[in-house]
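See below for the structure under consideration.
The values are calculated or read from the model by the stated rules, or taken from the named source; none is laboratory data. Keep in mind that this is a model prediction, so the values were computed, not measured. Please note: Cβ atoms are built from the backbone with ideal geometry, for glycine as well, and neighbour counts cover all protein chains shown. Remember, those area values only see protein heavy atoms, side chains included, never the ligands or the DNA or RNA. Shrake-Rupley method; radii C 1.70, N 1.55, O 1.52, S 1.80 Å.
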Amino acid sequence: MMIPYARQSISAEDIEAVVDVLQSDWLTQGPTVERFEAAVSSFCGAQYGVAVCSGTAALHAAMFAIGVGAGDEVIVPAMTFVATANGVLYQGGRPVFADVNSDDLLLDVTQIEALITPNTKAIIAVDYAGQPCDYVALSALAKKHGLVLVADASHSLGASAGEGGRVGALADLTVFSFHPVKPMTTGEGGMVVTDNADYVARLKRFRNHGIDRDSRDRQQSGQFQYAMVDLGFNYRISDIHCALGLSQLPRLGAWIVRRNEIARRYDDGFAELPGITPLTKQAGLIHGYHLYVVRVAQASAGVNRDQLFQLLRQRGIGVNVHYYPVHLQPYYRSALGTAAGLCPRAESASEEILSLPLYPDMSDAEVDEVIASVKDCVADKGVVHGKVCC
Ligand SMILES: *Cc1c(COP(=O)(O)O)cnc(C)c1O
């Protein structure tokens, strides 16, 4: 049995909630979508939520809502999932890659100003691993240059900037993903939350073909006419998915607490271990710990990241790597001409990072098994005459 790197938590109540919707009149475009939008937006302190079929669709919709088009540039971190930058490309814009801090892999705010041009429209900050970025500094920068600040909070629903407020209330628009590995799930799904009613109208049209009213509106008002005013998509999410999300949300707070407990256990477990360095956590915020990421320094660990990955996988430990820098992906190299050297800290981190298993239902015994396995594979036990032995 493999200990997975991530896993959803599904209760009997979750199953019941989904079955209830299956027995109702509305499988999609019904009242459960709105209830889920209201629940998530009020949970995180935003005025509005617009739910869509994935986090990727939410990013694309956010780029549409803020008016990204041909010739526009959007600053994105190099250390993220490809979907963050793809949303910009879908709208004909150009992602401009910014480097990250070495210690926490969050956007390096001090490097952003040099990337701003007259064509820059927005910054997408990514709460890598679940840790909120420095939104105070990012907001000030965005305001100074007239840019829209978008948070890709796919990792950080339920996290908070402490006094500064919860993730969802820290940027102009915030994007969530409800994929099963993320903080809570709808199976597939995503949402944009914002306080801006104009963005909301654009987001709602965009997820429904660019049509100005949805079918329930038309049914309730007894009218058949509709107008397609934008080129939108079918990015709708179903009531079935939203029922699962609504049922999950009340447990999210406890899951974040458990994720933090597991992270502390890992921190303690690796405190004295040479060559294994967890990413840093800033004081005064609540980390979402979507991922627990360590850097593997071959010189002191005796194994490199790729070796440690293989050794742990052989032992049934479901480690993973998040991420290969987006600007080095073959598509980006050929579409934008990006290459190694553009974001050196993201590039060197990508050769050393390893994500260890972390999910709310993980037991202390499983955490200890991961710690023991890592310890077995590194340091003096890991290497005999330069050969990996475990
Ligand atoms: C998961 C993820 C996405 C995409 O979300 P999906 O729901 O899988 O489409 C976007 N950005 C980041 C940082 C993610 O981790």
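Side notes on the structure shown:
- Selection count, the stretch 154-170, where residues are open to solvent by 10 Å² or more (accessible area, probe 1.4 Å), assigned to a loop (DSSP other than H, G, I, E, B) and more than 14 Å from the ligand (Cβ to nearest atom): 5
- Condition met for Gly341 (open to solvent by less than 60 Å² (accessible area, probe 1.4 Å) and free of Cβ contacts under 8 Å to residues at least 40 places away in the same chain): yes
- Residue in the stretch 318-333 that is under 30 Å from Gly165 (Cα atoms), open to solvent by 70 Å² or more (accessible area, probe 1.4 Å), in contact with a strand residue (DSSP E or B) (Cβ under 6 Å, 6 or more places away or on another chain) and not basic (Lys, Arg) present: no
- Being under 22 Å from the mean Cα position of the chain (by Cα), away from the ligand (no atom under 14 Å from the Cβ) and among the basic types (Lys, Arg) is a property that holds for Lys204.
- Subset of the stretch 182-199 [within 10 Å of the ligand (Cβ to nearest atom), crowded, with 20+ Cβ neighbours inside 10 Å and in a loop (DSSP other than H, G, I, E, B)]: Lys182, Thr185, Thr186, Gly189
- Picking from residues in the stretch 10-35 that are open to solvent by less than 60 Å² (accessible area, probe 1.4 Å) and part of a loop (DSSP other than H, G, I, E, B), the one that is farthest from Ser177 (Cα to Cα) is Ser24.
- Scanning the stretch 84-102 for residues that are more than 16 Å from Glu347 (Cβ to Cβ), open to solvent by 10 Å² or more (accessible area, probe 1.4 Å) and touching a residue at least 60 places away in the same chain (Cβ under 8 Å), we see that the one that is nearest to the ligand (Cβ to nearest atom) is Leu89.
- Any strands (runs of 3 or more DSSP E) falling wholly within the stretch 36-101 and containing at least 2 residues that are within 12 Å of Gly190 (Cβ to Cβ): 48-52
- Scan of the stretch 47-66 for residues that are more than 14 Å from the ligand (Cβ to nearest atom) and among the β-branched types (Val, Ile, Thr), ordered by number: Val50, Ile66
- Failed condition for Ser348, given (1) of a type in the set (Ser, Thr, Tyr); (2) within 16 Å of the ligand (Cβ to nearest atom); (3) assigned to a helix (DSSP H, G or I): (2)
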